[in-house]
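Colleague: Submitted below is the structure of interest, expressed as structure tokens.
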Amino acid sequence: MAPPGALKHLSLALGAAVAALGSLLFIALKLYFRDVNDSSVGWRGRWERQLALELGRKAPNGDKARSCEYQVLVLGLDGAGKSSILHYVSNTEAKKCISPTEGFNSVQLQYNGFQVDLLEVGGSQNLRSYWNQFLSKAHILVFVVDAADGPRLPAARQELHCLLAEDAQLPLIVLANKQDKKDALSVAELHRELALHALNSQREFFLLPTSATYAGLGTANSVLHLKNLLIKLLAQI
Ligand SMILES: Nc1nc2c(ncn2[C@@H]2O[C@H](COP(=O)(O)OP(=O)(O)O)[C@@H](O)[C@H]2O)c(=O)[nH]1
Ligand SMILES: [Mg+2]
């Protein structure tokens, strides 16, 4: 049997170990939940770390993934909410006024040498004829629709199907944006209105409800879901 002195030391050591573990757990939980609550710092960093981690998993030594650049092409009619999506995907600060895009707009997400460019090409009539020229470089197409703009849905449908006819494989994410508006169509209604049942079965396709507003960030329609989906899709490429 161990002498009483040794038992005392053992119990002290065990107590210290439990306290240290508890502190570590506390710090880990604080760090994790800071990402949700402290939107100015953690949210963006957390996503980029997660993206780097997911992409890094693909390459056994990590080197191949480190040099990768990805492009997400963001299209849709003017006023659909593309610039707002780009803003809230890369930033959690409220932005009162988002000016109409003259030509292009892009946002770059970077972490540890990974680079994801989200490229918006303006959606006015004169720019739409150039859209297809950007398809070949894109890894994912995000097509933003103003779900509350009923009169322009036929135009959105036509433009989307023209793009899809040019590239049969490109993964597609359609965003049913402006869900915070009371007359916005649901994803099921938009699926029908945009004739999305006609998509070929080889294409990866997702339809997400979004609200590209500051208030929308904490809701089920948050653009955060778009970020998470992008991580998953880019990690598979
Ligand atoms: N209520 C609401 N307004 C939005 C939403 N997304 C964008 N907007 C507004 O719609 C207008 C056009 O948005 P913008 O991002 O410039 O559209 P873009 O032309 O497709 O880039 C702006 O006034 C935005 O503030 C949304 O989800 N809900
Ligand atoms: Mg814009």
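Colleague: So who's got an amide H within less than 5 Å of the one on GLU69, skipping anything under 5 residues away but keeping other chains? H placed 1.01 Å off N, in plane.
Modeller: Long-range HN contacts for GLU69: none found.
Colleague: For segment 81-150, build the convex hull from the C-alpha positions and give me its volume per residue in Å³.
Modeller: Considering the Cα atoms of segment 81-150, their hull volume per residue is 116 Å³.
Colleague: Residue by residue through segment 205-215, what is 3J(HN,Hα) from phi via Karplus (6.51 cos²θ - 1.76 cosθ + 1.60, θ = phi - 60°)? Round to whole Hz and write x for glycine and proline.
Modeller: The phi angles translate into 9, 9, 10, 10, x, 9, 9, 8, 10, 4, 5 Hz.
Colleague: How many nm is it between the label spots at LEU53 and GLN158, if each spot is 7 Å from the Cα in line with the beta carbon?
Modeller: 4.7 nm
Colleague: So, one more: Principal axis extents for segment 133-191, Cα atoms only, whole Å, descending order, please.
Modeller: Largest first, segment 133-191 extends 37, 18, 18 Å along its Cα principal axes.
Colleague: Taking R0 as 45 Å, what's the FRET efficiency between THR219 and GLN133 from their Cβ-Cβ distance, rounded to 0.05?
Modeller: Computed FRET efficiency for THR219 and GLN133 comes out at 0.80.
Colleague: Another question, if that's okay. Please list the non-local residues whose amide H lies under 5 Å from the amide H of VAL142, H modeled 1.01 Å from N, same-chain partners needing a gap of 5 or more.
Modeller: Close amide H contacts, sequence-distant or interchain: LEU73, VAL74, LEU75, ILE173.
Colleague: Also: Distance in nm between label sites at GLN115 and GLU204, each 7 Å beyond Cα in the beta-carbon direction?
Modeller: Between GLN115 and GLU204, the label points sit 2.2 nm apart.
Colleague: Taking θ = phi - 60°, what integer Hz values does the Karplus form 6.51 cos²θ - 1.76 cosθ + 1.60 yield along segment 154-163, in sequence order, with x for Gly and Pro?
Modeller: These are the phi-based 3J(HN,Hα) values: x, 5, 4, 4, 5, 5, 5, 5, 4, 5 Hz.
Colleague: Hey, another quick one. Output the pairs from LYS96/LYS178; LYS82/LYS227; LYS181/LYS227; LYS96/LYS181; LYS178/LYS227; LYS95/LYS232 with a Cα-Cα distance over 20 Å in this structure; if there are none, say none.
Modeller: LYS181/LYS227; LYS95/LYS232
Colleague: Shifting gears a bit: Roughly what would the spin-label model give for GLN108 and ALA195, points 7 Å off Cα along C-beta, in nm?
Modeller: Output for this residue pair reads 4.0 nm.
Colleague: Moving on to the next point. Name the long-range amide H neighbours of ALA212: under 5 Å, sequence gap of 5 or more, or other chain; modelled H, no Pro or chain starts.
Modeller: Under 5 Å from the amide H of ALA212 lie the amide H atoms of LYS178, GLN179, each far enough along the sequence or on another chain.
Colleague: Related question: Would you kindly derive the ³J(HN,Hα) couplings of segment 120-131 from the backbone phi angles with the Karplus curve 6.51 cos²θ - 1.76 cosθ + 1.60 (θ = phi - 60°), listing them in order in whole Hz, with x for Gly and Pro?
Modeller: 9, 10, x, x, 5, 3, 5, 8, 4, 5, 8, 3
All of the numbers you see were taken from the coordinates with simple rules; none came from a lab. From a predicted model like this one, the values you see are computed outputs, not experimental measurements. When we count neighbours, we look across all protein chains shown, and the Cβ atoms used for this are built from the backbone with ideal geometry, even at glycine.
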